[in-house]
Structure formats: structure tokens, C-alpha cells
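Read-outs throughout are calculated quantities, based only on the coordinates presented, and are distinct from any laboratory measurement. Keep in mind that this is a model prediction, so the values were computed, not measured. Ideal geometry is used to build each Cβ from the backbone, glycine not excepted, and the neighbour counts take in all protein chains shown.
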Amino acid sequence: MRKVLTALSLVFICFLPQSCSKETEEKEPVAEEPIYVDRVDIQSEVLEDKIRGGLLSQIIGNLNGLPHEFKYIDEPGAVENYTPSLAEGARTDDDTDIEWVYIVEMQRSGEVFIPAERISQIWKEHINRKIWCANVYARQLMNLGLDPPLTGRIALNPWSIFNISGQFICESFGLIAPAMPQSAAMLGLNYTHVTIDGEPAQATQLFTSMIATAFIESDLEKIIEAGLDAIDPESEIYSIVTQVRSWCKENPDWRVTRAKIKDKYSRYGGEPARDGNGYELNTSSTVAALIYGGGDLAETLRIAFNFGWDADNNAATAATIIGVIKGLKWIKAQGWAIKDIYRNETRDSMPEDETITSFGDRLVDIAGRVILQYGGEEVSSGAGKIFRIHVQRPVNVEPLPEPLDRLEELREQLLPEVESGLSGSSQERARAAYLALCLGEAERLRLERSSEWKQALRALRNYPELLKLVFEAPEHSGEKITARAKAEGLKKPK
């Protein structure tokens with residue numbers, strides 16, 4: 001469908017085709033190469049404005065949302081008046097600073113897809129505190145010598161089956177792939193698979209594709225459609241988005257929809273460790289905030305705060321989409337108190353003089369590289385420099401794995417390492433012991449290789465932070481690893 005926009009931002013645009021009847025569609029195959037549907041010319045200053053608007057809005061949503069994080073569980077919040085503000089500037093928080101670490105490395109190395117071993121290295125160098133849930137578990141697995149995506153596999157990381165990390169570490173990858181939702185999704189997955197898999201990986205594809213589409217479309221319904229096109233139609237994420245859209249349409253009062261979301265998707269009593277940190281409630285809240293916010297940034301954030309649960313993350317994701325549509329110039333024109341600081345309080349050996357502007361500079365630079373990498377051009381015209389982008393159709397680049405835990409695949413891949421690791425170095429023995437517990441091989445090894453198995457368990461005890469996490473794993477997804485550890489005589493470190 002060809003559509004000419006009146007905004008000066010676009011010279012011309014062809015929008016992405018929508019799905020008319022998803023119920024009759026067959027599952028899309030994985031796209032090995034992006035599917036291009038047309039071309040769009042965007043003035044470089046407008047592209048930059050949209051990237052910076054998305055970043056600033058993400059930061060505002062994150063930091064303004066923190067006072068509301070996990071505050072509203074049974075009942076919604078009651079925020080009536082809200083004005084976006086960063087009067088003291090911004091600071092690092094895990095909703096933006098893990099992406100920041102990746103972006104800095106991308107710019108330094110020139111690689112947009114950082115290899116797995118290097119990802120582990122930069123986590124060890126920079127990401128050692130102020131991380132939780134699937135992220136801290138993955139970080140401890142790296143100490144064992146495991147690299148992504150193993151650190152995010154469900155059989156090895158009990159948080160990864162539900163954790164919201166698939167959402168809150170994805171926004172930057174939509175910002176650096178404007179009008180290229182497939183590239184945005186692939187980039188996002190390269191980094192969110194560090195800590196998650198399964199349904200949360202569908203959330204990555206949903207939101208990166210929506211952000212990428214917002215560069216060329218301002219209609220929120222069409223942006224959500226693009227997001228749906230990017231996820232597995234058999235996934236629960238697909239069902240959640242479809243259901244929430246229906247509730248929002250039926251109920252003008254957001255509180256009614258919030259109650260319906262709570263009743264249907266609060267499966268573990270609303271506990272923050274599972275429900276509050278899971279994809280079900282938070283995907284629902286993010287989509288609902290976008291719909292009820294109606295394209296108004298402040299109102300979108302207010303609604304996201306009031307929906308509750310992991311409110312800062314939901315506000316940040318929703319705000320990124322609106323920020324791309326509105327752009328930085330529009331945000332500045334609102335007169336909100338925003339100080340240009342991005343204070344590093346969390347990430348070791350990272351810049352101490354970063355600003356929101358310099359963070360944005362990095363995104364703009366990398367976006368230019370991504371555009372060129374995927375067949376785009378940078379050209380000059382009478383109106384100034386233009387980026388000619390090959391527009392991609394949003395498709396599901398990674399369907400749900402079957403089964404979700406990929407157990408047989410992991411057994412085939414890792415059992416030889418377990419067998420050889422039992423007679424290896426201390427780290428190799430510890431890794432072999434941990435993997436054997438996860439793969440259900442502990443009892444066999446205790447019987448067949450008793451002496452080496454005992455040594456491996458002793459080596460694993462040298463990783464008390466990981467063992468602590470094993471014994472604190474979420475009950476519904478970590479009960480197997482916890483029970484197996486107890487059966488082998490392991491105990492939670494004091």
C-alpha cells in the first residue's frame with residue numbers, strides 16, 4: 001500500500017503490507033534473508049531526530065517509571081497528573097545500560113552482531129552489578145565458561161522461560177534498524193538470547209519490529225499489526241496482543257482492561273518474582289498503554305505507570321515507539337525539564353562522561369551502518385543528505401522452539417562436553433556438574449563415574465553465587481534443578 005505523508009520527514013514511502021486474516025495464515029518460515037517490499041527516502045536530520053526522540057523517551061519512561069515499579073499488583077495505580085521530567089539528568093539503569101554497553105562495543109568494533117564469546121567478555125568487563133533475575137543468572141553461567149545463547153536457554157537458566165528481559169533489552173535494536181523490522185528483530189535476538197528464550201524471544205521480535213516500523217508509520221494500530229506480523233502466530237505473545245487489543249476496543253476505561261489482564265494473566269498470585277517479571281502481564285500492559293495513550297507521550301507513560309507490575313520497563317518500551325513518531329524536536333518544544341546527562345552509576349569501566357546526546361550520537365552512527373549493511377544508501381539531494389532505506393516486511397524471523405526447553409538439542413550438543421569435562425580443569429569439572437544437573441544426567445554419572453562426579457561437585461561448590469541462585473530459582477521453572485542439586489548433596493551457600 002503506497003502512502004504519501006505530509007510530514008517533511010519523508011520524501012516518499014511505501015508502507016509494509018498488513019495481514020488481513022491471521023487465522024488462515026500458515027506459519028512463516030524463518031527468513032534467512034530480509035524480505036524487502038520497497039524503498040523510502042528519509043532526510044538524515046529527520047532520521048536522527050527520530051532516533052534521539054526514541055532514546056530520550058525510553059530513558060524518561062524508565063527513570064520516571066521506577067517509583068511505580070512493582071507498586072501496583074492487585075490494584076492499579078492512581079497517578080492522575082504527570083509531566084515528563086529529567087531535571088537532574090539521567091542515570092544508568094538496566095532498562096538502558098545493558099543496551100548501552102552493547103552499543104558502545106558495536107561502535108568500537110564496527111560489528112553490529114557481536115559474537116557470543118565477545119558478549120561474554122564484555123559482560124565480565126562491564127556488567128557485574130545492578131542486574132537481577134535472568135540477567136544475573138546468565139552472568140553467573142558465564143563464570144562457568146558458558147557463552148550465549150546457552151546462558152539464556154530454558155533448560156540451563158530457569159528465569160529465561162518467562163523473564164521480561166526479552167523486552168527491556170531490545171529497544172535500541174529497533175532504533176538502529178529504521179524501517180527494517182526483520183533486521184531489528186535479528187539484532188534484538190542476538191542480544192536478548194543472552195538471557196531468555198521461548199516466549200520472551202517473541203516479545204523481542206514484537207517490540208523491535210514495532211519500533212522499526214514507527215519510523216515510517218504513525219498509526220499505532222498499523223504499528224501493532226507490524227509487530228504481530230513479526231511473531232509466531234502459535235505463540236502466547238500473539239494471543240496476548242490480540243486479546244488486549246480487543247479488550248481495549250471494547251472498554252474505554254483502561255481500568256476495566258487492566259482488571260481483565262490481571263484476572264487472565266496473573267497466574268502465580270501476582271508475585272513480582274514471576275508474574276510481575278513475566279512477559280504475560282508486561283506485554284499486555286505495554287500494548288494497552290500504547291492504545292489508551294493514543295499517541296500522547298505523557299498520557300502513554302501515565303497509563304503505563306498505573307498498569308503497574310514492572311512499570312518502568314513497560315513505560316520505557318511504549319515511550320520509545322511514541323518518541324520515534326514524535327522526534328526529539330517535538331519533545332524539546334514541550335518545555336519539559338530535561339538535563340543532558342547520562343550518569344554512569346552501574347557499569348564498570350564504561351564512560352563516565354556520557355550524555356543523552358552522546359548516547360544518541362552512537363545510535364545515529366550505528367543506524368547509518370545498519371542501513372548501508374542492508375542495501376541502503378546515503379545520497380545527497382537539493383534537500384540535503386538523505387538515507388535511502390530498503391523497507392523490510394515484518395516477518396517472524398524465529399518461531400518458537402519445539403520443545404521450548406530445546407532439551408534434546410542441548411543434550412546432543414553438551415553431553416560430550418560433560419563427559420570430557422569430568423576429568424578436566426576445575427572450571428571444566430564445575431561446568432560439567434552444572435550441565436549434568438540441568439540435563440538430568442547426575443544420577444547416572446554418580447553411579448558410573450563416582451570419583452570424578454564427587455570431584456565435579458566439589459568444583460561446583462567453588463561457585464557459591466551460582467549455587468545460591470540455583471536454590472533461589474523460581475519454584476515453577478527451577479524446581480528440577482533445585483531438587484537435583486539437593487539430591488546430590490549440594491546446599492545453598494551461607
Taking Lys and Arg as +1 and Asp and Glu as -1, residues besides residue 292 with C-beta under 15 Å from its C-beta add up to 0
Within segment 283-299, find all residues whose amide N lies under 12 Å from a label point positioned 7 Å from the Cα of residue 255 along Cα-to-beta-carbon.
none
Expressed as a rounded percentage, what relative contact order does the chain have, with Cα pairs under 8 Å and six or more residues apart?
25 percent
For segment 408-487, restrict the atom set to alpha-carbon positions and state the Rg and Dmax in Å.
11.9, 33
Which of 92, 357 comes first, and how do the rest follow, when ranked by fewest Cβ neighbours within 10 Å?
357, 92
5 angstrom amide H check on residue 90, placed H, neighbours 5+ away:
341, 342, 343
As an exercise, use a Förster radius of 35 Å and the Cβ-Cβ distance of residue 448 and residue 234 to find the FRET efficiency, rounded to the nearest 0.05.
0.30
Relative compactness, segment 344-397, computed as alpha-carbon Rg over 2.2 N^0.38 Å
1.59
Separation of segment 235-256 and segment 382-413 by C-alpha centroid, Å?
25 Å
Any idea what the dipole of the chain comes to, in debye rounded to 20, about its Cα centre with Lys/Arg Cβ at +1 and Asp/Glu Cβ at -1?
980 debye
Extending each Cα 7 Å along its Cβ direction at residue 124 and residue 82, get the distance between those two points in nm, one decimal.
4.1 nm
Tell me what the chain gives for mean residue ellipticity at 222 nm when only DSSP H runs of n ≥ 4 count, each as -39,500 (n - 2.57), the sum divided by the residue total, rounded to 500 deg cm²/dmol.
-16500 deg cm²/dmol
Ordered by fewest other Cβ atoms within 10 Å, a rough proxy for footprinting exposure, 265, 36 read 36, 265
In the chain the DSSP beta bridges are antiparallel at a rate, in percent to nearest 5, of 85 percent
Given segment 345-494, report the % of alpha carbon pairs whose separation exceeds 20 Å.
67 percent
If you place +1 on the Cβ of every Lys and Arg and -1 on the Cβ of every Asp and Glu, how big does the dipole about the Cα centre of segment 408-487 come out, in debye to the nearest 20?
440 debye
What's the angle, to the nearest 10 degrees (0 to 90), between helix 426-439's Cα axis and the longest principal axis of the chain?
80 degrees
What is the sum of charges, Lys and Arg at +1 and Asp and Glu at -1, for the other residues whose Cβ falls under 12 Å from the Cβ of residue 132?
-3
So the label point goes 7 Å from the Cα of residue 36 along Cα→C-beta, right? Which residues of segment 143-187 then have their backbone N under 18 Å from it?
177-186
Alpha-carbon centroid distance for the pair segment 93-170 / segment 310-351, whole angstrom
21 Å
Alpha-carbon Rg/Rh ratio, for the chain, with Rh computed the Kirkwood way
0.98
Ranking 312, 95, 361, 340 by Cβ neighbours within 10 Å, fewest first, what do you get?
340, 361, 312, 95
